[in-house]
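Engineer: Handing you a structure now.
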């Protein structure tokens, strides 16, 4: 089977469809839980699938350092290694390397950096990134790019974007012909419309199976991000998936879907689950707060996850305050299920032509805040 994207419904700029891969279908708009080191923290793979996830994200930077891509390949590839038989997208490693500014040296060739684990020296280039992702066996591969933090001056953004486009061509050349596997290009250009268009034009000229909008959710704020999304998706090919990297909060996702984005990933639901925060239709809830200690009600009445179906807010408060592992497990499951319920709601609304009403209800419920304490 080839990698294929079919759009089945539209509502305004929003699209609903299916990405077909040899390892299964991905319903879009899609949210990808983050499995940084070949695991979604506090979750079993079957549990992640039970939340409604069609695809996971793996992290090239972390896996190349530990246990190494070569070891994973020798053990049968990332899918077998982590017991996930559905699609996996791997990032290129560029974003993580960006965050190591004090430990890296950037050149035309690539990035030399010191491991945050043991200080060992490494060189990550477009060619090496493609090799690592091939060894991992990921279904969707991201081209290697450079992602500057915002705010940054125009000259810095332009130079970074131009370097990323040269690296995109090298990534395309190194990726080669891999039937059933897809390579996504990454648009850069900061908050500058003309630089975004230059980047999109370069990527369209190279030709990719999908296109990511990169360089956002890096410090610019939601208003600026949505401002870019007012035009950036339209600069990318209409018939290919559009992926907004590293986003985000539920209202970020809803706003991006309205503007034509198809794919998302973020550590927020799993990270929040480990710190006592539950995401609900009425906004985030801090289960560490003493207001929950005698509350027999579920975290979210309409949620069908184990945390809401089988346990009370009082119990969740207790295990979280006691630092019991089950607290992280239950809240992570709930948060991932909430995100997948949100994505299903968006897909259903797009197909029904009722997205505007869905979005209005989404914001109205969040504005209510959490339920009143007992």
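Engineer: Out of the residues in region 189-215 that are modelled with pLDDT of 95 or more, touching a strand residue (DSSP E or B) at 6+ places or on another chain (Cβ under 8 Å) and in a loop (DSSP other than H, G, I, E, B), state the one that is nearest to residue 147 (Cα to Cα).
Structural biologist: 214
Engineer: Somewhere in region 274-286, is a residue in contact with a strand residue (DSSP E or B) (Cβ under 9 Å, 6 or more places away or on another chain) and in a helix (DSSP H, G or I)?
Structural biologist: No: zero hits.
Engineer: Kindly evaluate residue 316 against the criterion of being part of a helix (DSSP H, G or I) and under 19 Å from residue 371 (Cβ atoms).
Structural biologist: yes
Engineer: So, one more: With 122, 116 as the choices, which residue is in contact with a helix residue (DSSP H, G or I) (Cβ under 8 Å, 6 or more places away or on another chain), over 23 Å from residue 209 (Cβ atoms) and modelled with pLDDT of 90 or more? Walk me through it before giving the result.
Structural biologist: On the way: 116 fails: modelled with pLDDT of 90 or more.
Just a single option satisfies the conditions, and that option is 122.
Engineer: Any idea which of (1) touching a residue at least 60 places away in the same chain (Cβ under 8 Å); (2) surrounded by 15 or more Cβ atoms within 10 Å (Cβ to Cβ); (3) closer than 30 Å to residue 351 by Cβ is the one residue 56 doesn't satisfy?
Structural biologist: Result: residue 56 fails condition (1) only.
Engineer: Kindly check whether there is at least one residue in region 179-186 that is under 16 Å from the mean Cα position of the chain (by Cα), at positive phi and assigned by TED's automatic domain parsing to the domain that holds residue 136.
Structural biologist: no
Engineer: Okay, next question. Among the residues in region 104-121, are any closer than 23 Å to residue 174 by Cα and part of a helix (DSSP H, G or I)?
Structural biologist: no
Engineer: Inside region 72-94, can you point out the residues that are buried (at least 22 other Cβ atoms within 10 Å of the Cβ) and under 18 Å from residue 129 (Cβ atoms)?
Structural biologist: Selection gives 72, 78, 88, 89, 90, 91, 92, 93, 94.
Engineer: Answer yes or no: is there a residue in region 60-71 that is surrounded by fewer than 22 Cβ atoms within 10 Å (Cβ to Cβ) and closer than 24 Å to residue 169 by Cβ.
Structural biologist: Checked region 60-71: no residue is surrounded by fewer than 22 Cβ atoms within 10 Å (Cβ to Cβ) and closer than 24 Å to residue 169 by Cβ.
Engineer: From the list 137, 94, 76, which residue is at pLDDT 95 or above and in contact with a strand residue (DSSP E or B) (Cβ under 9 Å, 6 or more places away or on another chain)?
Structural biologist: After applying the criteria, what remains is 137.
Engineer: What number of residues within region 177-192 are free of Cβ contacts under 8 Å to residues at least 40 places away in the same chain and out of contact with any helix residue (DSSP H, G or I) (no Cβ under 8 Å at 6 or more places or on another chain)?
Structural biologist: Matching residues across region 177-192 total 1.
Engineer: Name the one entry in 35, 52, 12, 24 that is at positive phi and under 18 Å from the mean Cα position of the chain (by Cα).
Structural biologist: Values: 35 fails: at positive phi; 12 fails: under 18 Å from the mean Cα position of the chain (by Cα); 24 fails: under 18 Å from the mean Cα position of the chain (by Cα).
Going through 35, 52, 12, 24 in turn, the sole match is 52.
Engineer: Just one of the numbered conditions (1) outside any helix (DSSP H, G or I); (2) surrounded by fewer than 20 Cβ atoms within 10 Å (Cβ to Cβ); (3) touching a strand residue (DSSP E or B) at 6+ places or on another chain (Cβ under 9 Å) is not true of residue 271; which one?
Structural biologist: (1)
Engineer: Determine which single condition residue 43 fails, assuming it passes every other condition in (1) surrounded by 19 or more Cβ atoms within 10 Å (Cβ to Cβ); (2) out of contact with any helix residue (DSSP H, G or I) (no Cβ under 7 Å at 6 or more places or on another chain); (3) not in a strand (DSSP E or B).
Structural biologist: (2)
Engineer: Just a yes or no: is a residue in region 325-346 out of contact with any helix residue (DSSP H, G or I) (no Cβ under 6 Å at 6 or more places or on another chain), modelled with pLDDT of 95 or more and outside any helix (DSSP H, G or I)?
Structural biologist: Checking region 325-346: not a single residue is out of contact with any helix residue (DSSP H, G or I) (no Cβ under 6 Å at 6 or more places or on another chain), modelled with pLDDT of 95 or more and outside any helix (DSSP H, G or I).
Engineer: Taking the condition of being exposed (fewer than 15 other Cβ atoms within 10 Å of the Cβ) and either free of Cβ contacts under 8 Å to residues at least 24 places away in the same chain or closer than 18 Å to residue 292 by Cα (or both), how many residues in region 319-351 meet it?
Structural biologist: Within region 319-351, residues that are exposed (fewer than 15 other Cβ atoms within 10 Å of the Cβ) and either free of Cβ contacts under 8 Å to residues at least 24 places away in the same chain or closer than 18 Å to residue 292 by Cα (or both) number 4.
The values are calculated or read from the model by the stated rules, or taken from the named source; none is laboratory data. Since the structure is predicted, the reported quantities are computational estimates derived from the model, not experimental observations. All Cβ positions, glycine included, derive from the backbone under ideal geometry; neighbour counts span all protein chains shown.
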